[in-house]
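Visitor: Encoded as C-alpha cells, here's the structure I'll be asking about.
Each value in this text was obtained by applying a stated rule to the coordinates, not by laboratory testing. Please read these numbers as outputs of a predicted model, since none were measured by experiment. Quick reminder, even Gly has a Cβ in these numbers, built from the backbone with ideal geometry, and neighbours come from all protein chains shown.
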C-alpha cells in the first residue's frame, strides 16, 4: 500500500509544480509560498480532525517535537527556495534539480540513519544525478 501512496505523492507533486508555475506569474514568490502553506496547514489539520487524531498531541515526546519542528523549518526553506527557482526558471529544469533531493536523502539516510547503501541504490543515485544533469544542460 505504501507504493500506491508514494505514487500518488509523485503525481500530486508533479501537479504542484505545474499549478505553481502557472499561479506564481506576477506574484512575489514568498507571498505565493505563504498562500500555499496556509492551504497545506488547513488541509493537514482537516485530516487530523477528520481522522480524530488530535488526541495524540499530548503523547508526542520532546525529541519528536524537536525533529518535527526542524523538519517544518526545512520544509519551509525548501518551499521558499523552490518557489523562487520556479519564478526565475523553467519548470522543466527547476523540477529535475529539485528532485536531486532523492539522491541527497539516500546519502543522508546512509550517514545519519545508518541505512544500507546497496549497489542498486548507488546505481540509482548515479542515474538520477546523470539524468538531472542531462535534463538541465
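Visitor: Could I have the simple spin-label model distance between residue 19 and residue 104, label points 7 Å from Cα toward Cβ, reported in nm to one decimal?
Guide: Label-label distance for residue 19 and residue 104, simple model: 2.4 nm.
Visitor: With the chain treated as a Gaussian network of Cα nodes joined by springs under 10 Å, which of 76, 26, 56 yields the largest mean-square fluctuation?
Guide: Between 76, 26, 56, it is 56 that shows the largest mean-square fluctuation.
Visitor: Each label point is 7 Å from the Cα along the Cα-to-Cβ direction; what then is the distance between the points at residue 90 and residue 47, in nm?
Guide: Each label point lies 7 Å from its Cα, and together they span 3.3 nm.
Visitor: Would you calculate a helix-derived [θ] at 222 nm for the chain, using -39,500 (n - 2.57) for each DSSP H run of n ≥ 4 and dividing by the full residue count, to the nearest 500?
Guide: Mean residue ellipticity at 222 nm (helix-derived): -27000 deg cm²/dmol.
Visitor: What FRET efficiency would be calculated for the residue pair residue 116, residue 10, taking the C-beta separation as r and a Förster radius of 35 Å, to the nearest 0.05?
Guide: E between residue 116 and residue 10, to the nearest 0.05, is 0.90.
Visitor: Exposure proxy check: 98, 52 ranked by fewest other beta carbons within 10 Å?
Guide: With the sparsest Cβ surroundings first, the list reads 52, 98.
Visitor: Dividing the alpha-carbon radius of gyration of the chain by 2.2 N^0.38 Å (N being the number of residues), what value is obtained?
Guide: 1.22
Visitor: Between residue 37 and residue 67, what is the label-to-label distance in nm when each label sits 7 Å out along the Cα-to-Cβ direction?
Guide: So the two model labels end up 2.3 nm from each other.
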